[in-house]
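Accompanying notes for the structure given below.
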Amino acid sequence: MPHHHRIAIGSCSHPSLPQPLWKIIHARRPAAFIWGGDAVYSDRFAGRNWTAVGLHRVAHENDVNNNNSNDPSSPNHHHAHARSTGKKKNNGGGWRMTFPPPSIHVEATPDVIQSWYEEQWDVDDYRRFVEGWYDDVGDDDDRQYQQQQKQQQQLTRPIVFGTIDDHDYGQNNGDITYQYKRESNLAFIDFMYSGVDDAGESNSCAQDVDESNQYNGVCESSQDESNSPKKVVYEDNNNPNQLHEFQTKRRSKSNDPMYQRALEGKGVYGVSLFDFSRTKRSRQSSEELKNDSILWGGGYWVPDEDAMIDPDIISRTNIEEPFDETNINYSTTHSVAIFALDVRSNKTPWSKGKQTSTHNTHNEGSTSTPSNNNTSSSSIIHTLALDFLGQHQWEWFQKALSNSYATVNIIVSGLQFHPERFPNDGNVIEEWSKFPRARQMIYDMILNSGANSPMLVSGDVHMAQFMRKDCVRSSDIMYADADDAGDTATSFKANAQQRPYRPRPLVEITTSGMTHSWGTSFSSQPRNHRLPLKLYTYFVSPIFMTICHYVCPWNDILILTEDDGKRENEERGAASPQDGEVREEIVRGGRVGMQYYLGLNFAEFEFEFDSNDDDDTIGGGDGGGAVTVRIFGKEANNAPPKLETRWTFDQLSGNTDLPGTTAKLRDFVNAGNVEYYPNSNNARSEHEWICVPHRGLASVYHEYAANIMMFFNICFLFFLPHGVIFWLFVVARRKWCRWKNAGMHTIESTKKPFNMHASEK
């Protein structure tokens, strides 16, 4: 029976709405489920701010701190130089259109947040999934082993991991100003550990850990003999089928560095590692099997103190940085690292209404600090005036990426990375592009880190999308007049190492909408999913967003053709089976055309590791394989996925070409001139990357035309139903008045005439 190496990801789930996806996720048996944000909706909708509608001027980072514009080492210097050269800079400032009106929400208190998490835990299908399952015995020649497994099956439980977005944070469009951010962070950690033995430990437990000593991974204030990790010793340590100690080590909230950071008020961000080179079953004696703990993540999950990726774990050991490959104890060819970023707890607030942005929460002189990591990740961390992560999280993320030798590295954020959608007001649509300098820094950090096969994952927008940008080093571009830039294959220079030009892809998978989506109702409010409002919202939502995808110049969204599907099937058929198994029949799901889906959805990542490198010893092999990403809807488990695509690890790492790019040199030149780079006469750093949509930059005229069309589209879809209702009311009233007048006329005509002479007698 083949082993399916799967991880599921989802976001935007309202506990008060039906949740049909958990049964499907449960049947898919993923090693982990990753929350991409909005696990609950704890804040309360209170109307819309119509006073914010209009065109208004907002500030960018330069306006916050102009006093550093003359410093060549400051990032603001490039903007000042660009203004002096007369070049237009798209750096987040200027005029912004606010429409439709931003929503108004009442912030949640800690008690309210906790009550919503409890309501989500009470969802039967979710709780059954988290509580785990007993794997099927499968086909095995050893009948004695089969019988033993049937008698004493081992419980497999998925790892629940992830990050927050605004609604489970407790504040709509939440940021650093939220007064209950620490309590919110701790409530989310407790929710992730729902059903785990120590989920109810006191929050003071991790504070008792003595960080001056070597970190032993044990919270002494609550640890007892019955709750300690089970250590199983095997005689044959070279047998790859044996369960290793970390496969049966019990999960503990107090051992989780994410929990410690939440206690310190830094946010909820962390990394989780899965080593898929380990088998799920071990032929042990009955006594050993009985003493084993739960197989967390199917036995694939690697605890933080064994993974040694989290910098806060390494800081508690005697290992000195820079961290190198000799310190790892997991497979570098069959492992997946998942980084969860917190874009709320340290985020700069959006400008409100028509006021100029004066927030300077993260600005400390806009200084630049070099990384302390190895030179392969020597991009500079700027102290940003407009930021999502905060200085500590930036430093943590850069170190953690450098520490990861995993085969695939998935970065999860509650907000989308690639899109630049209309309107350009963060109060209406939130995304990384609203703080362009922060987005540029995370692009540079990921691409300079040397991390293998990076993939971006996001939520928030209540639909699923596959997106891609192509990136090149700024130093590889021979800057000339953009009008003279032509074919991408011949318009780049070789650097000192004669590195051949190849755009490096950076893919993003958005999966959002587990209980509500643009295919049903864009709104999370339960009243919009009940009659009579359901008739309106379920009609308007899919029509509006479908028009958006075909009118707006969203060139980052993938478009798959029939040839792409044939190519993917050929690549799968050419891949050799794993462990001598017979490969299942290849049936590609999804659809051709633009890769988006508006219905309820979750994402599944299935990893295929090259059997030629299937070395179960730690650190063995050269790497290989591919990842298939599927978007499933609410149909039964045997239904094909709504979207599906496949990338090889070499394609994601930039080692081989990924077909489909149509971006030209002029797109990279224009993006470099518009975004952050001074001009063609200045030297470019090899640590700076320029990323553009893989189908090229859209025309300015296309963007303006699309924005105008979408404005009228919003007005039409908003006022048309209201106009129809008003017209029906007028027609009904007129008919009622006519009926009433006709009835009165009939009554009067049947009355007997009054005889005045008779009454006088």
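At a glance:
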{"read-out": "Identity of the residue in segment 300-338, of a type outside the set (A, V, I, L, M, F, W, C), over 18 Å from residue 253 (Cβ atoms) and at pLDDT 90 or above, that ends up surrounded by the most Cβ atoms within 10 Å (Cβ to Cβ)", "value": "334"}
{"read-out": "Residue selected from segment 602-661 under the condition on the phi > 0 side of the Ramachandran plot and either at pLDDT 80 or above or open to solvent by less than 20 Å² (accessible area, probe 1.4 Å) (or both), by the criterion nearest to the chain's Cα centre (by Cα)", "value": "654"}
{"read-out": "Members of segment 6-31 that are touching a Leu at 6+ places or on another chain (Cβ under 8 Å) and buried (at least 21 other Cβ atoms within 10 Å of the Cβ)", "value": "10, 21"}
{"read-out": "Qualifying residue in segment 473-485 (condition: at pLDDT 90 or above and assigned to a loop (DSSP other than H, G, I, E, B))", "value": "no"}
{"read-out": "Filtered residues of segment 496-535 (kept if modelled with pLDDT of 90 or more and among the basic types (Lys, Arg))", "value": "504, 527, 530, 534"}
{"read-out": "Any pair with Cβ under 8 angstrom, 6 or more apart, that starts in segment 410-428 at a residue that is over 16 Å from residue 506 (Cα atoms) and β-branched (Val, Ile, Thr) and ends at one that is assigned to a strand (DSSP E or B) and at pLDDT below 95", "value": "428/98"}
{"read-out": "Check on residue 395, within 24 Å of residue 306 (Cβ to Cβ), open to solvent by 10 Å² or more (accessible area, probe 1.4 Å) and either assigned to a loop (DSSP other than H, G, I, E, B) or at pLDDT 95 or above (or both)", "value": "yes"}
{"read-out": "Hits in segment 500-556 - residues which are under 25 Å from the mean Cα position of the chain (by Cα) and hydroxyl-bearing (Ser, Thr, Tyr)", "value": "510, 511, 512, 515, 517, 520, 521, 523, 524, 541, 546, 550"}
{"read-out": "Members of segment 653-667 found to be touching a strand residue (DSSP E or B) at 6+ places or on another chain (Cβ under 8 Å) and closer than 19 Å to residue 555 by Cα, listed by number", "value": "658, 660, 661, 663, 665, 667"}
{"read-out": "Scope segment 426-469; condition of a type in the set (Val, Ile, Thr), open to solvent by less than 10 Å² (accessible area, probe 1.4 Å) and more than 12 Å from the chain's Cα centre (by Cα); matching residues", "value": "442, 446"}
{"read-out": "Residue 401 vs. criteria among the hydrophobic types (A, V, I, L, M, F, W, C) and part of a loop (DSSP other than H, G, I, E, B)", "value": "no"}
{"read-out": "Given (1) farther than 29 Å from residue 605 by Cβ; (2) without any contact (Cβ under 8 Å) to a residue 60 or more places away in the chain; (3) among the polar types (S, T, N, Q), index of the condition residue 521 fails", "value": "(1)"}
{"read-out": "Residues that are modelled with pLDDT under 75 and charged (D, E, K, R), drawn from segment 718-761", "value": "748, 751, 752, 760, 761"}
{"read-out": "Out of 277, 272, 254, sole residue that is in contact with a Pro (Cβ under 8 Å, 6 or more places away or on another chain), open to solvent by less than 30 Å² (accessible area, probe 1.4 Å) and modelled with pLDDT of 50 or more", "value": "277"}
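The values are calculated or read from the model by the stated rules, or taken from the named source; none is laboratory data. Nothing here was measured: the structure is a model prediction, and the numbers come from that model. So basically every Cβ, Gly included, is an ideal-geometry build from the backbone, and we count neighbours across all protein chains shown. Keep in mind that these areas ignore ligands, DNA and RNA; they rest on the heavy atoms of the full protein, side chains included. Shrake-Rupley method; radii C 1.70, N 1.55, O 1.52, S 1.80 Å.
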